[in-house]
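The values are calculated or read from the model by the stated rules, or taken from the named source; none is laboratory data. All figures in this text were calculated on a predicted structure; none of them were measured in a lab. Cβ coordinates were reconstructed from backbone atoms using ideal geometry, including for glycine residues, and neighbour counts include every protein chain displayed.
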Amino acid sequence: MWRYIVARVAAVVPMIVLVTMAVFWLLHGLLGDPTLLILGRDADPQTAQRLRHELGLDRPLDVQYLDWVSHAFRGDLGRSLRTHEPVAQAMRERALPTAELTILSMGLAAAGALVLGSVAAVWYGSLADFGVSSFCVVGVTLPNFLLGITLILVFALTLRWLPSGGFVSPLNNLGANLRVMILPVLTLSVAYVGILALVLKSSLRATLGAPYVQTARAKGIAERRVLVRHAVRNSLIPLLSVLGIEFGRLFGGAVVTETVFALPGVGRLLVDSILGRDFPVVQAVVASMTCGVLFVNLLVDLSYAWLDPRVSYD
Amino acid sequence: MRDRNRQVDSLNRTASFPRRRRITRRDLLRMSAGAGLGLALARDAATRATAFAAPPPQPGGILRVGAVADTHTLDPHFSVDWSERPVMYAIYNTLVSATPTFEIAPELGRSWKISADGLTITVSLQPNVKFHDGTVCDAEAVKWNIDFILDKANNSPQFKQLDPFLSGVEASGPTTVVFRLKKPYAGFLAAFTERPGFIVSPAAYQKYGKDFGRNPVGTGMFQFVEWLPDDHVSVKRFDGYWGRSKASLDGITYRVVPDPAVRDTMVRTGELDITSEPDPKDIAVLQKSPGVKVVSENPSGHWWGVQWRVDRPPFNNKALRQAIAYGIDRGEFVKVMLGGRGSIANGPTPSIVWWYSRTAKGFSYDPDRAKQLLAEAGYQNGFSAQFSTDNTPVGLQFAQLLQAQLKRINVTLTINPVDPSNLYQEVLQQKVNWTRTDWTLRADPDGLLRILFYTGNYANSTGYSNPTVDKLLDQGNSTYDRNARKSIYAQIEQQVIDDAPYVWVFYPSEDAPMRTTVQEYAWIPDSVPRYRSLWLAK
């Protein structure tokens with residue numbers, strides 16, 4: 001298994017090189033020069049040219065890329081072109097809200113999907129199944145900016161129960177932190193509850209009809225135990241596969257959610273940096289997001305073996 | 001209509017700027033309501049004003065501002081983003097300041113003298129001014145700031161604003177700064193009401209280096225406390241402030257809330273005290289919400305219009321440009337796109353600034369004249385062209401309305417949506433020809449008119465070149481005589497309207513939704529909100 005892990009981690013390196021290379025060429029090729037955005041749209045050409053030279057943007061693209069890679073490998077992600085702030089610091093400052101938002105949302109989505117998917121599968125064809133399935137379809141199709149604004153109007157403006165946005169660090173005040181995170185987490189997780197619950201429902205339905213479940217029932221094991229220990233556990237593999245894939249998309253949702261709820265997260269940093277052609281920041285954020293997604297998928301792969309003893313990586 | 005707006009607006013602004021209490025529009029309304037309809041009472045207005053004068057500013061409280069976007073730097077020498085300036089006006093003083101009609105008023109410079117040849121300007125500074133770090137803000141400090149901008153090696157975006165006319169600066173006494181000009185330049189002081197005029201602490205600049213933008217030190221009413229990127233910037237009152245009128249507020253927190261609908265909601269829930277750039281759809285609701293008011297500037301100093309390359313076909317045809325100018329129903333834009341919250345624009349100067357020309361005549365909506373001009377231009381059977389716009393909801397809405405209007409004169413538009421941050425670059429690179437555009441006024445007429453219309457200027461993106469306009473622009477900035485300048489800029493205004501390198505469409509109103517507790521808010525035509533002199537009613 002260790003050999004498998006090492007091989008997977010090693011595979012991350014070329015993946016990151018490919019992704020950052022693609023991002024680098026896309027940004028420079030399609031979006032072009034950041035100097036006008038740094039100097040303002042009424043910049044004079046001489047100053048722009050001087051700045052371009054100073055930032056090394058007048059060198060060939062491959063030289064610029066290799067320069068970035070060699071610095072990155074030495075742990076130097078450079079400074080933001082617009083704020084002069086070290087990139088690592090910019091990311092560190094915004095990591096907490098995004099980490100909390102994505103982890104809580106994924107957790108809530110997985111927990112919600114377990115309950116709803118099981119209900120829909122066990123009582124397949126009932127009113128409960130219909131209700132769960134309808135909720136899931138609505139959840140998947142509802143754009144999350146719309147859901148976010150609606151939740152703000154209901155819970156912040158009308159009922160005045162929760163704040164509209166902002167961020168309080170859990171390290172300063174956990175209670176206040178959880179209060180501000182309720183609406184963003186709900187907004188981000190609803191779509192994923194929908195997808196995951198529908199996947200679990202179909203997978204669980206197949207499992208519930210499997211001979212080994214019938215055998216378990218015939219042995220007189222309580223239905224609840226049959227469901228939890230035998231059926232659900234074995235139905236989790238497709239759910240986890242989808243979860244791993246969806247984790248990448250979760251960052252996309254996090255960008256929108258962070259904007260609506262004014263959370264100072266990495267998603268907003270990324271969008272802002274793309275619009276501002278802040279190449280060093282974009283490169284570093286994309287590279288770390290790629291690492292995050294690959295790491296989660298590695299965990300998902302490893303969990304297969306834990307869930308299903310027939311799976312082995314040796 | 002525009003004149004009426006102007007009167008109402010100037011009344012509104014005179015009322016709340018500067019900080020001395022005067023009669024506000026609300027006071028006047030209250031007075032006339034209380035006094036019934038008798039006209040005779042009008043002559044007593046001045047006396048009554050004293051009786052009805054609003055209470056003096058109440059000290060205390062933190063003003064919670066909903067900021068549209070995060071700041072990227074608080075170093076004014078490297079600032080280009082609009083979103084940074086509201087914070088900088090709290091932390092720093094400018095050398096001189098602008099009033100709501102873009103008159104120049106003293107700030108760090110308390111008076112100035114212009115030499116007879118117009119080439120030397122001597123500015124006397126306020127005495128005993130200290131930076132927040134305790135160092136002295138004297139003539140040497142001001143000189144250090146200007147030298148920093150003028151030093152090419154620093155690549156300051158502010159360089160382009162000073163270099164064309166400023167050859168050097170000297171500190172001839174502790175509070176006397178002498179500016180040497182390359183040529184007489186009437187827009188000199190106005191340039192120092194903006195970013196080149198913010199004076200930072202040289203000692204702090206040397207201490208923090210590249211990180212100064214995260215550790216700003218100025219002489220302003222408020223001193224920097226903290227900045228959590230994408231979340232908030234907070235400042236607190238600086239008790240050592242040099243000015244006679246100190247800040248009433250204990251502090252200001254600028255919370256970044258990018259979504260306009262959420263900012264509006266937060267003002268309604270009381271989570272924010274004030275914000276700007278509301279979602280236009282929310283304004284009616286905000287005005288009706290308890291505890292909320294909306295302070296507007298209409299017209300604003302920000303215009304929207306279209307531009308094209310006048311040196312490239314098909315728009316190198318003046319009759320064609322004028323035909324399209326006649327084919328635009330500006331009233332419909334204001335009504336449909338702005339919901340009535342704006343004014344039509346016939347030229348580049350709104351009625352709120354001193355160089356506005358009452359005589360300049362723009363194009364009114366006249367489809368018959370438009371068709372006639374199209375025929376004269378050689379397009380009897382109509383004309384098709386691509387129109388590029390930023391792919392934002394408002395950019396697209398603008399393009400669609402224009403498309404529908406011009407269809408009526410047989411001009412067919414194909415809309416080309418472009419990423420907002422790319423649009424201007426594509427214009428400069430001449431990848432697109434006919435586009436939507438918008439600009440905000442500078443504190444001096446030479447500011448915007450020169451960069452847009454002078455032959456070959458770096459921001460002249462239309463290829464416009466008219467020797468008469470160039471000559472007038474040179475005349476306009478080389479005399480310090482206000483009346484002479486006003487008449488010169490009126491001629492320029494009329495000429496560029498007729499030549500139509502741009503066709504002006506409207507000035508959207510600037511709106512600031514706020515809690516009714518927020519007092520003394522006033523717009524300046526550069527559309528940058530200043531919060532430092534506000535106070536909160538208990």
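Residues of the stretch B:72-84 being within 22 Å of residue A:271 (Cβ to Cβ), surrounded by fewer than 23 Cβ atoms within 10 Å (Cβ to Cβ) and of a type outside the set (Val, Ile, Thr), which ones? Correct list: B:81, B:82, B:83. For the stretch A:256-273, a residue qualifies if it is under 20 Å from residue B:71 (Cβ atoms) and more than 9 Å from chain B (Cβ to nearest Cβ), and the qualifying residues are A:266, A:267, A:270, A:271, A:273.
Considering the stretch B:436-456, and only residues there that are surrounded by fewer than 17 Cβ atoms within 10 Å (Cβ to Cβ) and in a loop (DSSP other than H, G, I, E, B), the residue that is farthest from the other protein chains (Cβ to nearest Cβ) turns out to be B:455.
Here the stretch A:154-167 is the region considered, the condition is being at the interface with chain B (Cβ under 7 Å from one of its Cβ atoms) and in a helix (DSSP H, G or I), and the residue that is farthest from residue A:179 (Cα to Cα) is A:157. Each residue in the stretch B:143-153 was checked for being surrounded by fewer than 16 Cβ atoms within 10 Å (Cβ to Cβ) and touching a residue at least 60 places away in the same chain (Cβ under 8 Å), and 0 pass. Going by the structure shown, is residue B:263 facing another protein chain (nearest Cβ under 10 Å), under 22 Å from the mean Cα position of the chain (by Cα), not in a loop (DSSP other than H, G, I, E, B) and not hydrophobic (A, V, I, L, M, F, W, C)? So residue B:263 fits the description; yes.
Can you pull out every residue in the stretch B:396-435 that is more than 14 Å from chain A (Cβ to nearest Cβ), within 26 Å of the chain's Cα centre (by Cα) and part of a strand (DSSP E or B)? Of everything in the stretch B:396-435, just one residue is more than 14 Å from chain A (Cβ to nearest Cβ), within 26 Å of the chain's Cα centre (by Cα) and part of a strand (DSSP E or B), namely B:434. Of all residues in the stretch B:401-416, those that are surrounded by 15 or more Cβ atoms within 10 Å (Cβ to Cβ), over 15 Å from residue B:330 (Cβ atoms) and not hydrophobic (A, V, I, L, M, F, W, C) total 3. When residue B:472 is tested against (1) within 14 Å of another protein chain (Cβ to nearest Cβ); (2) without any contact (Cβ under 8 Å) to a residue 24 or more places away in the chain, just one condition goes unmet, and that condition is (1).
Residue count for the stretch B:375-395, restricted to those that are within 14 Å of another protein chain (Cβ to nearest Cβ) and crowded, with 18+ Cβ neighbours inside 10 Å: 1. Residues in the stretch A:234-281 that are over 17 Å from the mean Cα position of the chain (by Cα) and among the basic types (Lys, Arg): A:277 only. Count, please, the residues in the stretch A:214-233 that happen to be surrounded by fewer than 18 Cβ atoms within 10 Å (Cβ to Cβ) and under 23 Å from residue A:120 (Cβ atoms). Of the residues in the stretch A:214-233, 10 are surrounded by fewer than 18 Cβ atoms within 10 Å (Cβ to Cβ) and under 23 Å from residue A:120 (Cβ atoms). Of all the residues in the stretch B:193-216, those that are charged (D, E, K, R), within 11 Å of chain A (Cβ to nearest Cβ) and within 25 Å of residue B:179 (Cβ to Cβ) number 1. Going through (1) surrounded by fewer than 16 Cβ atoms within 10 Å (Cβ to Cβ); (2) closer than 30 Å to residue A:187 by Cα; (3) within 9 Å of chain B (Cβ to nearest Cβ) one by one, residue A:95 falls short only on (3). Regarding the stretch A:65-81, can at least one residue be identified that is away from chain B (no Cβ under 14 Å) and closer than 30 Å to residue A:243 by Cβ? Yes, the stretch A:65-81 contains at least one residue that is away from chain B (no Cβ under 14 Å) and closer than 30 Å to residue A:243 by Cβ. Out of everything in the stretch B:71-82 that is assigned to a helix (DSSP H, G or I) and farther than 17 Å from residue B:222 by Cβ, what residue ends up being farthest from the other protein chains (Cβ to nearest Cβ)? Top of the filtered list is B:77.
The residues on offer are A:267, A:244, A:252, A:248, and the sole one that is touching a helix residue (DSSP H, G or I) at 6+ places or on another chain (Cβ under 6 Å), in a helix (DSSP H, G or I) and either surrounded by fewer than 16 Cβ atoms within 10 Å (Cβ to Cβ) or among the hydroxyl-bearing types (Ser, Thr, Tyr) (or both) is A:248. Within the stretch B:245-256, residues that are within 14 Å of chain A (Cβ to nearest Cβ) have Cβ atoms under 7 Å from residues that are part of a loop (DSSP other than H, G, I, E, B) and modelled with pLDDT of 95 or more in these pairs: B:255/B:272, counting only partners at least 6 apart in sequence or on another chain. Among the residues of the stretch B:316-362 satisfying the criterion of being assigned to a loop (DSSP other than H, G, I, E, B) and of a type in the set (D, E, K, R), which is farthest from residue B:495 (Cα to Cα)? If we take residues in the stretch B:316-362 being assigned to a loop (DSSP other than H, G, I, E, B) and of a type in the set (D, E, K, R), then B:341 is farthest from residue B:495 (Cα to Cα).
Of the residues A:184, A:211, A:238, A:163, the single one that is surrounded by fewer than 17 Cβ atoms within 10 Å (Cβ to Cβ) and either closer than 30 Å to residue B:290 by Cβ or touching a helix residue (DSSP H, G or I) at 6+ places or on another chain (Cβ under 7 Å) (or both) is A:238. For beta carbons closer than 6 Å, sequence separation of 6+ or different chains, a first residue in the stretch B:510-538 that is surrounded by fewer than 19 Cβ atoms within 10 Å (Cβ to Cβ) and a second that is part of a strand (DSSP E or B) and of a type in the set (Asp, Glu), the qualifying pairs are B:527/B:510. Do we find that residue A:118 is in contact (Cβ under 8 Å) with a residue 12 or more places away in the chain and not in a helix (DSSP H, G or I) in this structure? The answer is no for residue A:118.
Among the residues of the stretch B:227-244, just one is among the hydrophobic types (A, V, I, L, M, F, W, C) and free of Cβ contacts under 8 Å to residues at least 60 places away in the same chain, namely B:228.
Yes or no, residue by residue, for (1) assigned to a strand (DSSP E or B); (2) over 28 Å from the mean Cα position of the chain (by Cα); (3) without any contact (Cβ under 8 Å) to a residue 40 or more places away in the chain:
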| residue | (1), (2), (3) |
| --- | --- |
| B:102 | no, no, no |
| B:110 | yes, no, yes |
| B:122 | yes, no, no |
| B:132 | no, no, no |
| B:141 | no, no, no |
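Counting the residues of the stretch B:334-357 that are touching a helix residue (DSSP H, G or I) at 6+ places or on another chain (Cβ under 8 Å) and charged (D, E, K, R) gives 1.
Restricting the first member to the stretch A:208-236 and to residues that are over 25 Å from residue A:303 (Cα atoms), and the second to residues that are crowded, with 17+ Cβ neighbours inside 10 Å and of a type in the set (A, V, I, L, M, F, W, C), the beta-carbon pairs closer than 9 Å and six or more apart or on different chains are A:217/A:226; A:223/A:122. Checked across the stretch A:15-30, the condition of being over 25 Å from residue B:427 (Cα atoms), among the aliphatic types (A, V, I, L, M), more than 14 Å from chain B (Cβ to nearest Cβ) and more than 28 Å from the chain's Cα centre (by Cα) holds for no residue. For the stretch B:280-293, the criterion of a residue being within 12 Å of another protein chain (Cβ to nearest Cβ), part of a loop (DSSP other than H, G, I, E, B), over 30 Å from residue B:446 (Cα atoms) and under 25 Å from the mean Cα position of the chain (by Cα) is satisfied by no position.
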